[in-house]
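S.K.: One structure, pasted below without further comment.
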Amino acid sequence: MKIAKDTVVSMRYEIFDVDGSLLDKTEEPISYLHGGYDGIFPTVEEALQGKEVGACLNVRIKPEDAFGEYEHDLVRVEPRNLFPEEITIGMQFEGGVEDGDEEDYSLYTVVDITDEEVTVDGNHPLAGKILDFVGVVTDVRAATPEELEHGHSHDASGHHH
């Protein structure tokens with residue numbers, strides 16, 4: 001079966017930075033619903049269109065097609081007393097930025113701590129990076145009506161959110 005809209009694609013992949021350092025790797029195949037359901041990077045989905053089980057791909061993904069450009073506005077320095085005593089670098093907090101009437105919530109990672117201040121970064125760790133996506137297709141099947149209704153693939157147990 002060829003990969004087309006409304007098929008469930010299973011694959012193993014590795015993601016590298018442009019220097020060849022491994023950033024992410026699947027041990028077991030992941031599955032996604034193919035056809036514009038936002039289950040995988042659009043450039044990878046486009047490269048997979050029409051492929052079959054066993055197909056290998058190597059796709060270079062620009063920042064704007066992956067985790068976006070690095071936004072310096074998402075780095076914030078806050079007073080130390082706003083955070084728990086046991087805070088450590090790498091901890092994450094959900095935080096809001098007021099934008100007119102609404103608050104835009106992001107996940108912020110602690111990147112620096114002093115006695116007076118804590119620096120947090122709301123960028124994804126891979127924001128601004130060019131990525132090399134290397135994968136192999138392990139299975140292709142027609143999506144079930146339930147998967148199409150939900151807009152994502154389900155695992156062998158039936159439902160997955």
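The values are calculated or read from the model by the stated rules, or taken from the named source; none is laboratory data. Since this is a predicted model, take the numbers as computed values, not measurements. Cβ: placed from backbone, ideal geometry, glycine included. Neighbour counts: every protein chain shown.
A quick yes/no check of all residues on (1) more than 13 Å from HIS154 (Cα to Cα); (2) not assigned by TED's automatic domain parsing to the domain that holds LEU131:
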{"residue": "MET1", "(1), (2)": "yes, yes"}
{"residue": "ARG12", "(1), (2)": "yes, no"}
{"residue": "ASP17", "(1), (2)": "yes, no"}
{"residue": "GLY20", "(1), (2)": "yes, no"}
{"residue": "GLU27", "(1), (2)": "yes, no"}
{"residue": "TYR32", "(1), (2)": "no, no"}
{"residue": "TYR37", "(1), (2)": "yes, no"}
{"residue": "ILE40", "(1), (2)": "yes, no"}
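S.K.: Would you confirm whether or not region 75-98 contains a residue that is out of contact with any Pro (no Cβ under 7 Å at 6 or more places or on another chain), among the small types (Gly, Ala, Ser) and more than 30 Å from ASP155 (Cβ to Cβ)?
M.R.: Yes, some residue in region 75-98 is out of contact with any Pro (no Cβ under 7 Å at 6 or more places or on another chain), among the small types (Gly, Ala, Ser) and more than 30 Å from ASP155 (Cβ to Cβ).
S.K.: Considering only residues that are outside any loop (DSSP other than H, G, I, E, B), modelled with pLDDT under 95 and loosely packed, with under 15 Cβ neighbours inside 10 Å, which ones fall in region 96-141?
M.R.: Listed by number, the residues that qualify are GLY96, VAL97, GLU98, ASP99, GLU102, GLU103, ASP104, TYR105, LEU107.
S.K.: Right, something else. Taking THR43 and the conditions (1) within 18 Å of the chain's Cα centre (by Cα); (2) of a type outside the set (Lys, Arg); (3) at positive phi, which numbered condition does it fall short on, given that it satisfies the others?
M.R.: Among (1) within 18 Å of the chain's Cα centre (by Cα); (2) of a type outside the set (Lys, Arg); (3) at positive phi, THR43 violates only (3).
S.K.: Further, regarding this structure: For region 53-95, name all the residues that are of a type in the set (D, E, K, R), within 19 Å of the chain's Cα centre (by Cα) and in a loop (DSSP other than H, G, I, E, B).
M.R.: LYS62, GLU69, GLU71 - these are the residues of region 53-95 that are of a type in the set (D, E, K, R), within 19 Å of the chain's Cα centre (by Cα) and in a loop (DSSP other than H, G, I, E, B).
S.K.: Further, regarding this structure: Within region 47-74, how many residues are more than 19 Å from GLU14 (Cβ to Cβ) and either surrounded by 15 or more Cβ atoms within 10 Å (Cβ to Cβ) or out of contact with any Pro (no Cβ under 6 Å at 6 or more places or on another chain) (or both)?
M.R.: Counting residues in region 47-74 that are more than 19 Å from GLU14 (Cβ to Cβ) and either surrounded by 15 or more Cβ atoms within 10 Å (Cβ to Cβ) or out of contact with any Pro (no Cβ under 6 Å at 6 or more places or on another chain) (or both) gives 10.
S.K.: In region 1-37, how many are surrounded by 11 or more Cβ atoms within 10 Å (Cβ to Cβ), among the polar types (S, T, N, Q) and not in a strand (DSSP E or B)?
M.R.: Within region 1-37, residues that are surrounded by 11 or more Cβ atoms within 10 Å (Cβ to Cβ), among the polar types (S, T, N, Q) and not in a strand (DSSP E or B) number 1.
S.K.: What are the pairs with Cβ atoms under 6 angstrom where one residue, in region 90-108, is small (Gly, Ala, Ser) and the other, located anywhere, is modelled with pLDDT under 70? Sequence gap at least six, or different chains.
M.R.: Every condition considered, the pairs that remain are GLY96/GLU103.
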